[in-house]
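The values are calculated or read from the model by the stated rules, or taken from the named source; none is laboratory data. All values derive from a computational prediction rather than experimental measurement. Please note: Cβ atoms are built from the backbone with ideal geometry, for glycine as well, and neighbour counts cover all protein chains shown. Ligands, DNA and RNA are stripped out before the accessible areas are found, and what is left, the full protein with its side chains, is counted by its heavy atoms. Shrake-Rupley method; radii C 1.70, N 1.55, O 1.52, S 1.80 Å.
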Amino acid sequence: MKVFIHAFGCQMNKLDAELAMGALRRAGGEPTENVEEADVILYHTCSVREHAEERVYSNVGKLKFLKRRRPEIVIGIMGCMAQKDRGAIFERLPHVDLVVGTREFPRIAELVEEARTTRKHLLACSEEAPVDEARDPAVRPNRTQAFLTIMRGCDNFCAYCIVPSVRGRETSRPLGEVVAEARRLVDDGVVEITLLGQNVNSYGKSFGRPGVLVELLERLDRLNGLARIRFVTSHPKDMSREILQAVRDLPRVCEHLHMPAQSGSDRILKAMNRKYTAAHYRELVAMAREIVPGIAIASDFIVGFPGETEGEFDQTADLVRDLRFQNSFVFKYSPRPGTAAAKLSDDVLPEEKKRRNLELLEIQLRVNREEHAALVGREVEVLVEGVSARDARRVTGRLRTNQIVVFPGGEELTGKLLRVRILSATPLTLVGEASAECGTNERPPATP
Ligand code: SAH
Ligand code: SF4
Ligand code: F3S
């Protein structure tokens, strides 16, 4: 049974797709990247913007011809769009066999089997089923880096966002369970773990221990053999001095936050239900940089939220200019059915959204160009991620602060922590040369 899975959306979705592949492999499945030869074709979907959904409908629409030629194949839609559109998917795409939501995907092997024998449309979109987190640590595409889900769902109900309705209520996994999973991953060769949650810094709230992320980081920091820990995504309203001190004090925790601001206008932030002001966000960034000098902070922004004026957009542009993010992900507002903002008129014209989007990216690019140029000549700690896709004689890696660096080397360096001297820079990548290896248990040299 050859299995093709394509995942859209966030890192959590990518990990869920990986877990689904793990479940299918345990049932005798074998991954393939070629749709044409697959016996099972699965799309792990995202609903966060309309565009993401259109791509799925168009990709899966085209599979109609393949299904006609090979009626025995099983086609499934999983993840957020499955949870949102459910049975309506069968109406639009009758050649789909399976629709599996965000809580039942761990049962995928059994569902595929059922679809193969009954040849009926199968819908598995329970809203209550607890998500089975069982994971075979040996089944993963990347030997040295792993994602680890520490919480599911979201309770924030940002006015524009579909996530709370497709992923359900925020639920944190028990501390011991997370540490045990991390331990198994490290025993199997993982050197970098990225903890995942939609609001990762409120980890523990659902079991009555808000703030316990610090204890989790402390426990993971003691795992022998683990070199790096990251955690994403942080909500500004839950960022604390204690978390920042943990980033400063725990050698394996990288000096890197993903803490989306979304907008620089207080009126828009209020309409988005984000629960902070631009001034408060600026103070948080200042506090983070005071406690952890050189910390890299990345942000997301939405342009063209309903009613966003030119002046309000300018406040966002000022924020991006002033705060010098390590990276900014900019999205054009897309109305999502059932969200609070969907009741407001989507009144910023598409070409205006596009212009605002490009303007923010332009400012961010300038910041990156300057920040990267300042790294030239410095020696930094790099974790090698693998051979460069563009040049087989070079490897790519990341700084603790998340910038990408390319330098001469081969496959044998994957997973190694090296000291790399930066020789040149573009706004998107750094180019360097390795000078030495760092032991994974040694406190790495300070990097910017
Ligand atoms: N939980 C994370 C992000 C979830 S979605 C957080 O709160 O930070 C990732 C990003 O998509 C969001 O940060 C937001 O910038 C963007 N996004 C979410 N809904 C959107 C919508 N309806 N239109 C455009 N962008 C959206
Ligand atoms: Fe969506 Fe807001 Fe939750 Fe992030 S915090 S997933 S943007 S509702
Ligand atoms: Fe998309 Fe679902 Fe993630 S909507 S961003 S895949 S939680």
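Among the conditions (1) away from ligand 1 (no atom under 12 Å from the Cβ); (2) not in a loop (DSSP other than H, G, I, E, B), the only one that Lys237 does not satisfy is (1).
Among the residues of segment 130-171, those that are open to solvent by 50 Å² or more (accessible area, probe 1.4 Å) and within 16 Å of ligand 3 (Cβ to nearest atom) comprise Phe147, Asp155, Phe157, Ser165, Arg169, Thr171. Being open to solvent by 20 Å² or more (accessible area, probe 1.4 Å) and under 16 Å from Phe4 (Cα atoms) is a description that does not apply to Glu50.
So, in segment 200-213, exactly how many residues are surrounded by fewer than 20 Cβ atoms within 10 Å (Cβ to Cβ) and either among the aliphatic types (A, V, I, L, M) or on the phi < 0 side of the Ramachandran plot (or both)? Counting residues in segment 200-213 that are surrounded by fewer than 20 Cβ atoms within 10 Å (Cβ to Cβ) and either among the aliphatic types (A, V, I, L, M) or on the phi < 0 side of the Ramachandran plot (or both) gives 6.
Do you know which of the residues in segment 73-103 that are away from ligand 3 (no atom under 15 Å from the Cβ) and not aliphatic (A, V, I, L, M) is nearest to Met12 (Cα to Cα)? So, considering only residues that are away from ligand 3 (no atom under 15 Å from the Cβ) and not aliphatic (A, V, I, L, M), the one nearest to Met12 (Cα to Cα) is Gly76. Applying a threshold of 6 Å to beta carbon distances and a minimum spacing of six or more residues, or different chains, the list of pairs starting in segment 266-288 at a residue that is farther than 19 Å from Arg324 by Cβ and ending at one that is open to solvent by 40 Å² or more (accessible area, probe 1.4 Å) and part of a helix (DSSP H, G or I) reads Lys275/Lys237; Tyr276/Lys237; Thr277/Asp266.
Residues that are touching a residue at least 40 places away in the same chain (Cβ under 8 Å) and open to solvent by less than 30 Å² (accessible area, probe 1.4 Å) were ranked within segment 110-129; the one that is farthest from Asp16 (Cα to Cα) is Ala115. Looking across segment 2-30, the residues that are open to solvent by 40 Å² or more (accessible area, probe 1.4 Å), in contact (Cβ under 8 Å) with a residue 60 or more places away in the chain and over 14 Å from the mean Cα position of the chain (by Cα) come down to Arg25, Arg26, Ala27.
Counted as qualifying within segment 153-226 are the helices (runs of 4 or more DSSP H) with 1 or more residues that are under 21 Å from Glu255 (Cβ atoms) and hydrophobic (A, V, I, L, M, F, W, C), namely 175-187, 213-221.
Taking the criterion of being in a loop (DSSP other than H, G, I, E, B) and open to solvent by 40 Å² or more (accessible area, probe 1.4 Å), would at least one residue in segment 395-406 satisfy it?
The answer is no; no qualifying residue exists.
Scan segment 338-350 residue by residue and report those that are charged (D, E, K, R) and either crowded, with 19+ Cβ neighbours inside 10 Å or touching a residue at least 12 places away in the same chain (Cβ under 8 Å) (or both). Give the derivation first.
The first filter runs over segment 338-350 and keeps only residues charged (D, E, K, R), leaving 343, 346-347.
Selection gives Asp346, Asp347.
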